[in-house]
Amino acid sequence: MTSSYTHPTRKSLVYVSLKGWQKEKDGTRQPETPTEQLKQKWQKEQEEMAKKIILKNTFEISSLSLVGGLDISFPKGNKIDACVGLSVCSFDTLEVVFEAYKMIKLTTPYVPGLLNFREVPSYIQLIEELKEAHPEFIPQVLMLDGNGILHHRGLGVACHLGVVSGIPCLGVAKTLLHVDGVTIEEVNKLFSKNPKKNSIVVDIVGKTRGVIGKAFKSDKHHKPLFISCGHNIDMETAIDLVIRCTKPKEKMPEPVFR
């Protein structure tokens, strides 16, 4: 079942899909943990897919009109049923123009470094539905609550989705993934060198891979966000879009804030 309606408090079209979903009888049970053999298979797939990543822009910022944000959330006390959500904002005004929600089942638990295989299939399902139902709202760039190349094998969820979908993607993480020798202590030291600035951006530099991300505070009182390229976008453009999509005094860029 799918439906579309206008949001009651703002001028945005909302698309809701319950296609193929039934409420889990026991949502408190844990998803089945993948075997070591399956984990190794996924890791090899990540290593192969990482070779396909393009860290250059495939779009012109001057022609950018729609920026989207993707995330997955759970009802309280339920570890199986989840809702994947997409917010699409006007790049010029940051007004939410479209929202899409799809109820899903996550049968794979969270495994550090392998979030791709838990979330990307559901993102792809939603995007494919929207291409049929509302193609005019498919964003030109996607921000994901997660990582891009700031990842153990250089293939976070934003990279994976970008390669599979072809849409330029970038990661916006709230927690630093400690990879390639990067630590939160080092990042905090860099922030401490600019204590009086409200908006601060510092490089996240790995021991062997160079700059693999940017740490960003829109306000000195906020905790940092960790930005990294996903696919079809370069690092400077990724952080520029995050800054331009973050409203004054807000911590998160508007597409993923919603």
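The values are calculated or read from the model by the stated rules, or taken from the named source; none is laboratory data. Treat the numbers as computed from the prediction; the structure is a model and nothing was measured. Glycine also receives a Cβ, built like all others from the backbone with ideal geometry; neighbour counts cover every protein chain displayed. Surface accessibility is based on the protein's heavy atoms, side chains included, excluding ligands, DNA and RNA. Shrake-Rupley method; radii C 1.70, N 1.55, O 1.52, S 1.80 Å.
Leu177 - would you say it is of a type in the set (A, V, I, L, M), in contact with a Cys (Cβ under 6 Å, 6 or more places away or on another chain) and under 19 Å from Ala50 (Cα atoms)?
Against the criterion (of a type in the set (A, V, I, L, M), in contact with a Cys (Cβ under 6 Å, 6 or more places away or on another chain) and under 19 Å from Ala50 (Cα atoms)), Leu177 does not qualify.
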Please count how many residues of the stretch 127-152 are more than 27 Å from Asp240 (Cβ to Cβ), open to solvent by less than 30 Å² (accessible area, probe 1.4 Å) and either of a type in the set (A, V, I, L, M, F, W, C) or at pLDDT 95 or above (or both).
0
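Any idea which of Val163, Val201 is among the hydrophobic types (A, V, I, L, M, F, W, C), open to solvent by 10 Å² or more (accessible area, probe 1.4 Å), touching a strand residue (DSSP E or B) at 6+ places or on another chain (Cβ under 9 Å) and at pLDDT below 95? Steps first, answer last, please.
Details: Val163 fails: at pLDDT below 95.
That would be Val201, the only listed residue that is among the hydrophobic types (A, V, I, L, M, F, W, C), open to solvent by 10 Å² or more (accessible area, probe 1.4 Å), touching a strand residue (DSSP E or B) at 6+ places or on another chain (Cβ under 9 Å) and at pLDDT below 95.
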Val202 being touching a residue at least 12 places away in the same chain (Cβ under 8 Å), touching a Leu at 6+ places or on another chain (Cβ under 6 Å) and over 26 Å from Val14 (Cα atoms):
yes
I'm checking my understanding of the structure. Among residues of the stretch 201-231 that are of a type in the set (Gly, Ala, Ser) and more than 20 Å from the chain's Cα centre (by Cα), which one is nearest to Lys51 (Cα to Cα)?
Gly210
If Cys245 satisfies all but one of (1) touching an Asp or Glu at 6+ places or on another chain (Cβ under 6 Å); (2) open to solvent by less than 10 Å² (accessible area, probe 1.4 Å); (3) under 19 Å from Gly113 (Cα atoms), what's the number of the condition it fails?
(3)
Quick check: is even one residue across the stretch 106-126 touching a residue at least 40 places away in the same chain (Cβ under 8 Å), surrounded by fewer than 16 Cβ atoms within 10 Å (Cβ to Cβ) and within 21 Å of Val14 (Cα to Cα)?
yes
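Which of the residues spanning the stretch 208-223 are under 21 Å from Cys159 (Cα atoms) and open to solvent by 10 Å² or more (accessible area, probe 1.4 Å)?
Of the residues in the stretch 208-223, the ones under 21 Å from Cys159 (Cα atoms) are 208-216.
The answer is Thr208, Arg209, Gly210, Val211, Lys214.
Which of the residues belonging to the stretch 73-90 are open to solvent by 20 Å² or more (accessible area, probe 1.4 Å) and either more than 23 Å from Pro31 (Cβ to Cβ) or touching a helix residue (DSSP H, G or I) at 6+ places or on another chain (Cβ under 7 Å) (or both)?
So the first thing to find is which residues in the stretch 73-90 are open to solvent by 20 Å² or more (accessible area, probe 1.4 Å), and the list is 73-79, 83, 90.
The answer is Ser90, and nothing else.
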